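Chemist: Once you've had a glance at the structure underneath, I'll fire off some questions.
The values are calculated or read from the model by the stated rules, or taken from the named source; none is laboratory data. Just so you know, these numbers come straight off a predicted model, no measurement behind them. As a convention, Cβ positions derive from the backbone with ideal geometry for all residues, glycine included, and neighbour counts pool all protein chains shown. The area values use the complete protein model at the heavy-atom level, side chains included, leaving out ligands, DNA and RNA. Shrake-Rupley method; radii C 1.70, N 1.55, O 1.52, S 1.80 Å.
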Amino acid sequence: MLASVYSAGLEGVDGYIVTVECNMEPRLAAFEIVGLPDAAVKEAKERIRAAICNSGFEFPDAEITINLAPADKKKQGSAYDLALLACVLSCSGMLPDTLEGKCFIGELSLSGEVRPVRGVLSMCDAARAAGLSEVFVPARNAAEASVVQGITVYPVPDVAALVSHLRGEKPITAAKFDESSFDPGAACSQLDFADVKGQEFAKRALLIAAAGGHNVLMIGPPGTGKSMLAKRIPSILPDFTLEEAIETTKIHSVAGLLPENVALITHRPFRSPHHTMSPVSLAGGGSVPLPGEVSLAHNGVLFLDELPEYIKTVAEVLRQPLEDRHITITRASGRYTFPCNFMLVCAMNPCRCGYFGHPSKNCTCKPADIRAYLSKVSGPLLDRIDIQIEVSPLSFDELSKLAPSRSSADMRTDVNKARAFALKRFLRDGKKLRCNAELSPADLRKYCTLDDEATAIMRAAFENMGLSARGYDRILRVARTIADLEESENIKAHHIAEAVQLRSLDRKYWQR
């Protein structure tokens, strides 16, 4: 007897459909799984046998052969367990002969409980794209699966409940996603810029960075508030759209970091890995490639504190993701592409002791040591950072000031207005861009035209600062964002002047 059902697997952050075919013959009892299964899939034989018996059903005494198609693609993980079980039960006559239009995802315990798996959102999206109408998932994965519109999601607690539903005896209530519960304007951080005394120049720079999605480097002595400022950036980032929330949730689900019974990640991620991390931790990878920190920060912020302390090979991993906004990892099992459209925020001291250039404290480092410390940040990486600012020590008057600073809510309002102003321009021209940091060279020629006065300032900056072509483009992007904050269609001279000022820090420290 022959039966087939559908399941789904993962390839990077995307899902793909797997057809599970079962053939049963009245011969000497045997159970074989073919179709390039890994060890976890092969071990499903024992989980299925025990789950069927412990759920009150009889395991068929026959020769069972199961094929996972496409047979030339490696099948990894335990998410196929539920589909394998449904196929065996259907082939043995314990379930309806046909299970057309149904997809089964989940891991089995020996008791028959259906356990959660990672990547359910991506797999359900693949099922919808393949035209399947019903998806059966672990009960603890039902919240994220219900986000996918156009399919019916059934939360399965155990094998007995699945069989009762498919026999029509006791239907399982479908999971529903309440889109109105998603609030894009909800506060994404308890930290507020109102708590930060002084540092108005740094706050202005971070406001511009949030409005345009620009990368930022902050350099200054210890205790000036660099980390404090960085941790408050999520509180001024623009509203999280549903599309961005789904993208981010897919990545965290594939990585196994999505909490159980959580439908969506509702706030932009803020990732702050320790400087002892490895290149694979940052970029992603492993024998079965998983997203790294650059992908987990997708649509959010990647904060690298004490940048020179990172191993140089780790920091250099950032070069390609910052340009392409995706990263491709090649392994013997295939190529995996992960999105990584993030805002890079870095903080560092000017030297190892931290007091080089301090107005009142003496630096104890030798000139050679200072050069060696700063050289840990390479020129190519520095060139990819749009905004570079110095965070200076505060005076007593600034610290003792009682009047509160500008709140994150007010700053976020400005950011949302600037993003909306830019979005109208992109939509008018049919561009699928989200912020000015994503502007291509062709877009720069179209949206960043300069008048004579602005051109003169830009020419002087290019010649005096020795800018690269990349540096020139990034100044234009920042100037475009400054103009958007003023809701100006034209980039004016003072916009260019401010953008240049936010880019000149590397000349002070790295070209001494």
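Chemist: When the stretch 285-317 is examined, which residues are found to be over 19 Å from T328 (Cα atoms) and not in a helix (DSSP H, G or I)? Can you show your working first?
Modeler: To start, the set of residues in the stretch 285-317 that are over 19 Å from T328 (Cα atoms) comprises 300-301, 303-312.
Within the stretch 285-317, G300, V301, F303, L304, D305, E306, Y310, I311 meet the criteria.
Chemist: Quick check on my filter: what residues within the stretch 465-475 are part of a helix (DSSP H, G or I) and surrounded by 15 or more Cβ atoms within 10 Å (Cβ to Cβ)?
Modeler: So in the stretch 465-475, the residues part of a helix (DSSP H, G or I) come out as 465, 469-475.
Matches in the stretch 465-475: M465, G471, Y472, D473, R474, I475.
Chemist: I would also like to ask the following. Could you tell me whether the stretch 13-29 includes any residue that is small (G, A, S) and over 15 Å from V163 (Cα atoms)?
Modeler: Start the filter on the stretch 13-29 by keeping residues that are small (G, A, S), which leaves 15, 29.
Right, trim to over 15 Å from V163 (Cα atoms) and you get 15, 29.
Yes, the conditions are met somewhere in the stretch 13-29.
Chemist: Here's another thing I want to ask about it. Based on what the data block shows, is T248 within 25 Å of Q190 (Cβ to Cβ) and either assigned to a loop (DSSP other than H, G, I, E, B) or out of contact with any strand residue (DSSP E or B) (no Cβ under 8 Å at 6 or more places or on another chain) (or both)? Please lay out each step first, then the result.
Modeler: Working: within 25 Å of Q190 (Cβ to Cβ): yes; either assigned to a loop (DSSP other than H, G, I, E, B) or out of contact with any strand residue (DSSP E or B) (no Cβ under 8 Å at 6 or more places or on another chain) (or both): yes.
Considered against the rule, which asks whether it is within 25 Å of Q190 (Cβ to Cβ) and either assigned to a loop (DSSP other than H, G, I, E, B) or out of contact with any strand residue (DSSP E or B) (no Cβ under 8 Å at 6 or more places or on another chain) (or both), T248 comes out as yes.
Chemist: Same structure, new question: Every residue in the stretch 435-464 that is open to solvent by 70 Å² or more (accessible area, probe 1.4 Å) and either assigned to a helix (DSSP H, G or I) or within 28 Å of I236 (Cβ to Cβ) (or both), please.
Modeler: P441, R445, K446, D452, E453, R459, F462, E463, N464
Chemist: Among (1) touching a helix residue (DSSP H, G or I) at 6+ places or on another chain (Cβ under 6 Å); (2) among the aromatic types (F, W, Y); (3) free of Cβ contacts under 8 Å to residues at least 24 places away in the same chain, which single condition is Y154 missing?
Modeler: Going through the list (1) touching a helix residue (DSSP H, G or I) at 6+ places or on another chain (Cβ under 6 Å); (2) among the aromatic types (F, W, Y); (3) free of Cβ contacts under 8 Å to residues at least 24 places away in the same chain, Y154 breaks only (1).
Chemist: Would you tally the residues in the stretch 22-41 being surrounded by 13 or more Cβ atoms within 10 Å (Cβ to Cβ) and either of a type in the set (K, R) or in contact with a Leu (Cβ under 6 Å, 6 or more places away or on another chain) (or both)?
Modeler: Total meeting the criteria: 2.
Chemist: Does G150 satisfy the criteria of being loosely packed, with under 14 Cβ neighbours inside 10 Å and at positive phi? Working first, answer last.
Modeler: Numbers: loosely packed, with under 14 Cβ neighbours inside 10 Å: yes; at positive phi: yes.
Spelling it out, G150 is indeed loosely packed, with under 14 Cβ neighbours inside 10 Å and at positive phi.
Chemist: Scan D429, D473 and give me the residue that is at pLDDT below 90 and either in contact with a helix residue (DSSP H, G or I) (Cβ under 7 Å, 6 or more places away or on another chain) or more than 27 Å from Y373 (Cα to Cα) (or both).
Modeler: None of the other options fit; the residue is D429.
Chemist: Can you tell me which of G77, G9 is part of a strand (DSSP E or B), in contact (Cβ under 8 Å) with a residue 12 or more places away in the chain, of a type in the set (G, A, S) and closer than 17 Å to P289 by Cα?
Modeler: Working: G77 fails: part of a strand (DSSP E or B).
Just a single option satisfies the conditions, and that option is G9.
Chemist: Next question. Within the stretch 188-204, is even one residue in contact with a Cys (Cβ under 8 Å, 6 or more places away or on another chain), surrounded by 23 or more Cβ atoms within 10 Å (Cβ to Cβ) and hydrophobic (A, V, I, L, M, F, W, C)? Please lay out each step first, then the result.
Modeler: From the stretch 188-204, those in contact with a Cys (Cβ under 8 Å, 6 or more places away or on another chain) are none; that's our starting set.
Taking every residue of the stretch 188-204 in turn, none turns out to be in contact with a Cys (Cβ under 8 Å, 6 or more places away or on another chain), surrounded by 23 or more Cβ atoms within 10 Å (Cβ to Cβ) and hydrophobic (A, V, I, L, M, F, W, C).
Chemist: Next question, about the same structure. Looking only at the stretch 46-78, filter to residues that are closer than 13 Å to S7 by Cβ and open to solvent by 10 Å² or more (accessible area, probe 1.4 Å); which one of those is farthest from the chain's Cα centre (by Cα)?
Modeler: N67
Chemist: Residues of the stretch 251-265 being outside any helix (DSSP H, G or I) and buried (at least 17 other Cβ atoms within 10 Å of the Cβ), which ones?
Modeler: Residues of the stretch 251-265 that are outside any helix (DSSP H, G or I), as a first pass: 255-265.
Selection gives A255, L258, A263, L264, I265.
Chemist: Take the stretch 120-140 and flag every residue that is outside any strand (DSSP E or B) and open to solvent by less than 10 Å² (accessible area, probe 1.4 Å).
Modeler: Going through the stretch 120-140, the residues outside any strand (DSSP E or B) turn out to be 120-133, 139-140.
Once the filter is applied, which keeps residues that are outside any strand (DSSP E or B) and open to solvent by less than 10 Å² (accessible area, probe 1.4 Å), the stretch 120-140 yields V120, L121, S122, M123, C124, A127.
Chemist: Determine which single condition P273 fails, assuming it passes every other condition in (1) in contact with a Leu (Cβ under 9 Å, 6 or more places away or on another chain); (2) closer than 18 Å to N341 by Cα; (3) assigned to a helix (DSSP H, G or I).
Modeler: Only one criterion in (1) in contact with a Leu (Cβ under 9 Å, 6 or more places away or on another chain); (2) closer than 18 Å to N341 by Cα; (3) assigned to a helix (DSSP H, G or I) is unmet by P273, namely (3).
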